[in-house]
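These notes concern the structure reproduced below.
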Amino acid sequence: MIRLESIVKSLAELLGIDKAIGFNLARGGWNAFSGFITIYLVARYLDPYMQGYYYTFYSLVALQVFIEMGLGFALIQFISHEMAHLSWSENKTVEGGEDVKRRLQSLVQFGYSWLGIGGLILSVTLIPFGLYMFGDGKLTLNGLQDYGYAWILLVLGTGVSLQITATSIALEGCGKVADVIFIRLVQSIFSTLILWACLSSGLSLYSLGISLLAGILCSGYLIYFKHRKFLINLLFSFKSIEKKVDWRRELLPFQWRIALSWVSGYFIFQAITPILFKYSSPSIAGQFGASMQFFLLLNAGALTWISTKMPLFGMLISQKKIDELNKIFFKNLIRSSLILFGALTFFIIAYCLMMEKESEILERFLSPIPLLILAFVCLTNHIVFSMALYLRANKEEPFLIISIGNALLTIILAFILVPRYGGLGSVLSYAAGSILIGLIGGIYIFNLKKYE
């Protein structure tokens, strides 16, 4: 037993897996495993036409990026810079200078206010938009048993979930990355099990909204159980308006750049599915949506080696420890890239084996050539995402022009190629923007900025 623990510990050190990465990998592993089960259940209980609605629901709900407007990422960077001068006490609250703590409090309060109002705006705008789109251009309540009430439930749940997001932002920025990831892991497991139960019970598209609400209750309970002292102390320990962060002067110059990048990301990764739904067919939209979700999960797992270090990056920059920052970044970039390459190789081998056995699950994905293109783009995107996170830790967004250019090229090509070539056209649009602008432009910007 002792030898086994020693081997596991040595392997973890070799791969650079700390507590936060371990939890995130567990979550990514669960998401990958559960993703295949979900695809199977969707294929079994929803016909190809309804599968198109399923993944289009996901893509349209992602419009919440227009509500968040990059606030979460920006707040994490600013909170981490304040936490460089604070510390956690034994009673699970933060302690330090009152001026710094007041600035931290104002950042957290601003996050709750922004996302609270944003949740209301999301609900009153996205509900009629979805009903209009799914109603073939008519804002109608007819046929709601198929999509309407399910869509309303999902949007309302998404609006409420933004308050959980605000709490996660506060905890993650304060260095509780492992705790946040653990909560998200438990939430993911619980909500996914509810999703499976709902699909198996014949609740169809209602399953999305019900599982989302179940996840909100689960994460809300875990946050209250472990971090209520931190939240109560921070939110209510000061009443003065002195020393608070000036959003317009300090946060906005960074946030608006992140917001444009996040909005551009929606057009790069999510907008193609609704375009396929509208100009090709719901079935093809479902295949593309399932394929993209798989590769985005792989990318998210690999990016764990970088994303979990963001609060640390912010603290090192605040403390002027640039050499240590570069050492940690490049070591984890190499590790994560090699691990992602191995995962993609395993996927290709598994896909070929399933083709020989004529597995029915493959019918829910795109054909082999588009999938190979997506696999290659998955690897190049990991490099781009990692470079972007490194530079954003400086509270700057030098990748803004890259994100906008990528989004414009992707969407323009999608409207040209999707009506003619369907799924292949969507993949070519996505790949052209990601490689020609995202990768090539990203490497140029990174090499230009990293020495400044």
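The values are calculated or read from the model by the stated rules, or taken from the named source; none is laboratory data. Every value quoted in this text rests on a predicted model; they were computed, and no experiment measured them. Ideal geometry is used to build each Cβ from the backbone, glycine not excepted, and the neighbour counts take in all protein chains shown.
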Since L400 meets every condition but one in (1) modelled with pLDDT of 90 or more; (2) in contact with a helix residue (DSSP H, G or I) (Cβ under 7 Å, 6 or more places away or on another chain); (3) aliphatic (A, V, I, L, M), which condition does it not meet? (1)
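Looking at L333, L409, which is the one that is closer than 22 Å to G314 by Cα and crowded, with 18+ Cβ neighbours inside 10 Å? Reasoning before the result, please.
Numbers: L409 fails: closer than 22 Å to G314 by Cα.
After applying the criteria, what remains is L333.
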Residues in region 356-377 that are in a helix (DSSP H, G or I), more than 24 Å from P282 (Cβ to Cβ) and of a type outside the set (A, V, I, L, M) total 2
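Among N332, N406, which is the only one that is farther than 30 Å from K278 by Cα, outside any loop (DSSP other than H, G, I, E, B) and not small (G, A, S)? Spell out the reasoning first.
Details: N406 fails: farther than 30 Å from K278 by Cα.
Unique residue meeting the criteria: N332.
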Checking F294 against (1) farther than 20 Å from Y40 by Cβ; (2) surrounded by 14 or more Cβ atoms within 10 Å (Cβ to Cβ): exactly one of these is not met. Which one? (1)
Here is a check on your reading of the model: is F288 more than 30 Å from I169 (Cα to Cα), crowded, with 21+ Cβ neighbours inside 10 Å and touching a Leu at 6+ places or on another chain (Cβ under 8 Å)? yes
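Okay, residues lined up against (1) of a type outside the set (V, I, T); (2) more than 16 Å from the chain's Cα centre (by Cα):
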| position | (1), (2) |
| --- | --- |
| S168 | yes, no |
| L171 | yes, yes |
| C174 | yes, yes |
| V180 | no, no |
| I183 | no, no |
| S207 | yes, yes |
I need a count of the residues in region 151-194 that are farther than 20 Å from A26 by Cα, touching a Phe, Trp or Tyr at 6+ places or on another chain (Cβ under 8 Å) and surrounded by fewer than 22 Cβ atoms within 10 Å (Cβ to Cβ). 2
Of K9, K19, which residue is more than 17 Å from K309 (Cα to Cα), at pLDDT below 65 and basic (K, R)? K9
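If you check Y451 against the conditions, is it hydroxyl-bearing (S, T, Y), part of a loop (DSSP other than H, G, I, E, B) and modelled with pLDDT under 95? Break it down into steps so the answer makes sense when it comes.
Working: hydroxyl-bearing (S, T, Y): yes; part of a loop (DSSP other than H, G, I, E, B): yes; modelled with pLDDT under 95: yes.
It is true that Y451 is hydroxyl-bearing (S, T, Y), part of a loop (DSSP other than H, G, I, E, B) and modelled with pLDDT under 95.
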